[in-house]
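All remarks here apply to the structure that follows.
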Amino acid sequence: MQRYDAIVIGGGLVGSAIAYGLVRARLRVALLDEGDVAFRASRGNFGLVWVQSKGDGAPHYQRWTRHSADQWPTLAAELEAETGIPLGHERPGGLHLCLGEGELEARHALMERMRAQSGNFGFDYRMVDRRELVDMLPGLGPAVSGASWTPYDGHANPLNLLHALHKGFVENGGRYFPDNTVTEAIAAPGDFRIRLAGGEIGAPKVVLAAGLGNADLARHFGLAAPVKPLKGQILVTERARHVLPMPITTIRQTVEGSIMLGDSQEDAGFDTTQRPAVMQTIARRAVLTFPWLRDLQIVRAWAALRVMPPDGLPIYDQSERFSGAFTANCHSGVTLAGAHANLFAPMVAEGTLDPALERFSAKRFDVSAAA
């Protein structure tokens, strides 16, 4: 049996970021990746490194997201230097555009509520009126009444991020097991054995980061991961000259020039088929925002499944029954990559999660315990 210091189950953005952080901490790490047969949210990600609308009613989530966005420049620079893969990370701030006065008033109320909830941590935002937006965004449609802006937001290339994390992991001595599904798991405190098609591996630490697969895996390690799929669809246009100076919640222009349009939220189980009606809704709002988009061809479109906890917030836990077992679950694999590599992974390496993450525990869904 091959022995490692840690095993990470799940080779998507969450698992790869944690595995990369662990090898940088000089641990011998095995990364198990089911491959593209999995419901991999990573391959369908919109690519935002987004802060401004996350954490209403949950300021701890706002802080964690902000910390991650702050870690992104360092992570991107390290990965690009090590792997030569450009991540296309930019952090010019981000806009959320509002169609009509009703949306604008609701957005202002949300941003002010989040500012009040942030306490001493602070939350900088600015409401931008239509007159200023017209100067910022060429060809803005008349339906846009205003926007919110924060300096924290940015975007990156999610596929290049995944590629760079895998390459950086291997180049730092990690062992990558592609196309491997866990067939059996044996758990004991500080001793975990994972059976694969080609044999068995063991380690004193294991991290469950298998996305929707965690829902079933977690119970074998004394953990809980009540996650469910939430479908989203994305449209991508042909390449155009660069006109958008920053990402927008549902529209972003890539480094290459194509424009990505989103998003949608559909409770459709594990169905990943595309629905024309949803695509039409996405396109209609995009054209109301920028009428010139109607002249661009849609060249790609897809649907993918988010990993969604019941309240939309991440789940981080360490097993009380089997010390050394951890789990990480979230729908923001790009945004939280900085935190997972630079903050969460060092906690795993030390053997215990920071008390600041206790509020992200799945115990919050245990009604009897909460009572």
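Taking the criterion of being among the small types (G, A, S) and either surrounded by 13 or more Cβ atoms within 10 Å (Cβ to Cβ) or touching an Asp or Glu at 6+ places or on another chain (Cβ under 9 Å) (or both), the residues of the stretch 257-279 that qualify are G257, S258, G262, S264, A268. Is it fair to say Q297 is more than 27 Å from P59 (Cβ to Cβ), of a type in the set (S, T, N, Q) and open to solvent by 10 Å² or more (accessible area, probe 1.4 Å)? Spelling it out, Q297 is indeed more than 27 Å from P59 (Cβ to Cβ), of a type in the set (S, T, N, Q) and open to solvent by 10 Å² or more (accessible area, probe 1.4 Å).
All conditions in (1) open to solvent by less than 80 Å² (accessible area, probe 1.4 Å); (2) part of a helix (DSSP H, G or I); (3) not aliphatic (A, V, I, L, M) hold for F123, with the sole exception of (2).
Checking L79, L75 one by one, the residue that is open to solvent by less than 30 Å² (accessible area, probe 1.4 Å) and more than 17 Å from the chain's Cα centre (by Cα) is L79 and no other.
Here the condition is being open to solvent by less than 20 Å² (accessible area, probe 1.4 Å) and at positive phi; of G11, G84, G47, G88, it holds for G47 alone. Of the residues making up the stretch 315-331, those that are assigned to a loop (DSSP other than H, G, I, E, B) and crowded, with 24+ Cβ neighbours inside 10 Å number 1. On the stretch given as the stretch 126-139, residues that are open to solvent by 20 Å² or more (accessible area, probe 1.4 Å) and either touching a His at 6+ places or on another chain (Cβ under 9 Å) or in contact (Cβ under 8 Å) with a residue 60 or more places away in the chain (or both) total 4. Restricting to the stretch 22-34, give me the number of residues that are open to solvent by less than 10 Å² (accessible area, probe 1.4 Å) and in contact with a Phe, Trp or Tyr (Cβ under 7 Å, 6 or more places away or on another chain). Of the residues in the stretch 22-34, 6 are open to solvent by less than 10 Å² (accessible area, probe 1.4 Å) and in contact with a Phe, Trp or Tyr (Cβ under 7 Å, 6 or more places away or on another chain).
Whether a residue is closer than 30 Å to E80 by Cα, touching a strand residue (DSSP E or B) at 6+ places or on another chain (Cβ under 7 Å) and surrounded by 20 or more Cβ atoms within 10 Å (Cβ to Cβ) was assessed, and L212 passes this test.
Across the stretch 148-186, the qualifying residues are those that are hydrophobic (A, V, I, L, M, F, W, C) and in contact with a His (Cβ under 6 Å, 6 or more places away or on another chain), and the one among them that is farthest from L208 (Cα to Cα) is A156.
Flag: R66 does not match the condition of being at pLDDT below 95, open to solvent by 10 Å² or more (accessible area, probe 1.4 Å) and under 29 Å from I248 (Cα atoms).
The values are calculated or read from the model by the stated rules, or taken from the named source; none is laboratory data. Not measured: the values here are computed from a predicted model. We place every Cβ from the backbone using ideal geometry, glycine too, and count neighbours over all the protein chains shown. Ligands, DNA and RNA are excluded from the accessible area calculation, which covers all protein heavy atoms including side chains. Shrake-Rupley method; radii C 1.70, N 1.55, O 1.52, S 1.80 Å.
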